[in-house]
Structures are given as structure tokens and as C-alpha cells.
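Comments concern the structure below.
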Amino acid sequence: VILYRPPVDAAAREPSGAIRIHSVVAALDGSEFSERILPFAAGIANSLEAELELVQVLPAEGAGRPVTAAASRDLLESSYLHRQAELIQKKYGLRANWDVLHGKPAAAICGHVRGRDDVMLAMTSRARAGLEQAVFGSVASECVRRAGAPLLVYWPVP
């Protein structure tokens, strides 16, 4: 599903014609679940002749968040994204750039794409609803409200 909620100030701007997407930003969290967006993000990037950019949000220094077993294997915080970029090159023939962000996931991702009129954000969603979303939150739903960019959301059927 592709969603877009234009920023509030977009209505006040003078229309300047069609917007061209130059970058598809795929948000990953280090899990296989989040990586399910990659074939779709790579396909859209190829179709639009856009670059593919991978981002991962890590907690800010001193957040006290436990490190997962997969993350502990990475000696450098960028090694996961670097490895994913290499796999994308081999599998899809597409060069992927990457960037490690810090802070709370939704805020960091939205801040990364906000103000960039030529970007599409791509991510998976667990499609949490009701009480579960209130307790755990939803990065995807927060990005729909705050990113100000088209958003490609994929929620795989279990």
C-alpha cells in the first residue's frame, strides 16, 4: 500500500508540477521481518530510476536498551546496513546507500525524510491495532502522520 499525507504547509505552496522520486528510503530494524520490504523497495527504485537508501535507527547513547544477539555480532554499528547493501547489489543489481540514525525510531526516520520532496519511505508494519498499538506504538503509523513523504507500507500475512 502506498500512503501519502502531505504536510500541512503543502496546501499553501504553489503547485510546481509533478514530483519526481529520486530516492526510496527503506527503514530496517535488523530483523528479518523488516527486511521483507526490500524486494518491493528495490523494485520501486528500479522502476522509478531512483536510488535506494537503507536506514536503521539505533538507540541514542546511554539509552540502556539491551542489545539483541544479531546486533552483538556487528562490530560496527554500520555493518548490518553495509551487509544489506551488498546483498541488494548481488540480488537486484542495484547499488544501495545507507545511513545509521540515532534516537527513537519514528522521530529519527521522519526527521531523515522530512523536507525532502523527492523521497519515498518504505517499511514493513506489523499492523498493530487497538490496545496493542497503544502499548507498543507503531513506527509505521507515526511515519504516516509525521513524515510528509509518500510511504510504501507492507504488512506480510503471517
- Message: Not counting ligands, DNA or RNA, and with a 1.4 Å probe, what is HIS82's accessible surface area in Å² rounded to the nearest 10?
- Response: 90 Å²
- Accessible surface of TYR92 - all protein chains present, 1.4 Å probe, nearest 10 Å²: 70 Å²
- Task: Arrange the residues PHE40, PHE33 by how much accessible surface each exposes, largest first, with a 1.4 angstrom probe.
- Result: PHE40, PHE33
- Message: Heavy atoms only, 1.4 Å probe, whole protein assembly: order TRP98, TRP155 by accessible area, highest first.
- Response: TRP155, TRP98
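The values are calculated or read from the model by the stated rules, or taken from the named source; none is laboratory data. Model, not experiment: these values are computed from the prediction. Only protein heavy atoms, including side chains, enter the accessible area calculation; ligands, DNA and RNA are left aside. Shrake-Rupley method; radii C 1.70, N 1.55, O 1.52, S 1.80 Å.
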